[in-house]
Amino acid sequence: MHGVNLDQLGRREAQHYGTVTLDELERRITAFGAELGMVTRFVQTNSETEFVEHLHGLEGMADGIVLNPGAWTHYSYAIRDALAIAGLPAVEVHLSDVDAREEFRRVSVVRDLCIATVKGRGPDGYRDALVRLSEELANP
Ligand code: DQA
């Protein structure tokens, strides 16, 4: 699940996000998933409401969640609450190293609901997240 402004990858600050577009990123994640025998589905929205409602609808539709909520990570208690409602194992991913940037990015209101956080690894971070999720699903 890609949150706000992640549709703009490719034109965001390359020093933090690289040059990969969201389409390319999703192709890479699909391939990472296939290597691990996982089927991946994607959503990107700039609407917090849609993001929350997508989380509400996941029950019975997915085994786990990999989410990069973008800036919502740092302050959206609505997304935090919806993630708790979803009740699925979740991994938080950030392309950039959020702990090495501005102070406000060091706060994540979803982190303690997630089984792991991957940050600063670029697109490969999504592979790490899927590996972590597949381990959790194999040994809950
Ligand atoms: C991000 C980091 C956030 O702080 C930022 O607002 C984003 C992207 C990342 O992937 O590094 O939009 O989640």
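The values are calculated or read from the model by the stated rules, or taken from the named source; none is laboratory data. Because the structure is predicted, anything quoted here is derived from the model rather than measured. Neighbour counts run over all protein chains shown; Cβ positions are idealised from the backbone, glycine included. What goes into the accessible areas is simple: the full protein's heavy atoms, side chains included, and nothing from ligands, DNA or RNA. Shrake-Rupley method; radii C 1.70, N 1.55, O 1.52, S 1.80 Å.
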Original post:
Just the C-alpha atoms of segment 63-121: what Rg/Rh do they give, with Rh taken as the Kirkwood radius?
Top reply: 0.95
**OP:** Read phi for every residue in segment 2-7 and hand back ³J(HN,Hα) as whole Hz from Karplus 6.51 cos²θ - 1.76 cosθ + 1.60, θ = phi - 60°, with x for Gly and Pro.
**Re:** 9, x, 4, 6, 6, 5
Original post:
With θ set to phi - 60° and the Karplus curve 6.51 cos²θ - 1.76 cosθ + 1.60, what are the ³J(HN,Hα) couplings of segment 92-103 in order, to the nearest whole Hz, using x for Gly and Pro?
Top reply: 8, 10, 9, 4, 8, 8, 4, 7, 10, 10, 4, 3
Original post:
Between VAL66 and residues 5 or more places away or on another chain, which pairs have amide H atoms under 5 Å apart, with H built 1.01 Å from N, and which residues are they?
Top reply: VAL91
Subject >> Descending Cα extents along the principal axes, the chain, whole Å >> reply: 36, 33, 24
**OP:** Tell me which residues come under 5 Å, amide H to amide H, from VAL118 once H is placed; ignore anything under 5 positions away on its chain.
**Re:** GLU92, VAL93, HIS94
Original post:
Averaged per residue, what accessible surface does segment 6-77 expose to a 1.4 Å probe, in Å²?
Top reply: 57 Å²
**OP:** For segment 109-116, take each phi angle, set θ = phi - 60°, evaluate the Karplus expression 6.51 cos²θ - 1.76 cosθ + 1.60, and give the result in whole Hz per residue in order, putting x for glycine and proline.
**Re:** 8, 9, 3, 6, 8, 9, 6, 7
Original post:
Picking from GLN44, GLY18, VAL4, whose Cα lies most toward the positive end of the charge dipole for segment 1-52 (charges on Cβ: Lys, Arg +1; Asp, Glu -1)?
Top reply: GLY18
Original post:
Is the shape of segment 31-81 best called rounded, prolate or oblate, per the rule: a/c under 1.5 gives rounded, else a/b larger than b/c gives prolate, else oblate, with a ≥ b ≥ c the square roots of the Cα gyration tensor eigenvalues?
Top reply: prolate
Subject >> Accessible surface of segment 72-123, 1.4 Å probe, proportion on carbon and sulfur as whole % >> reply: 53 percent
**OP:** May I ask for the percentage of alpha-carbon pairs in segment 101-140 that lie more than 17 Å from each other?
**Re:** 42 percent
Original post:
Once amide H atoms are placed 1.01 Å from N in the peptide plane, what residues at a sequence separation of 5 or more from TYR75, or on another chain, have their amide H within under 5 Å of its amide H?
Top reply: VAL109
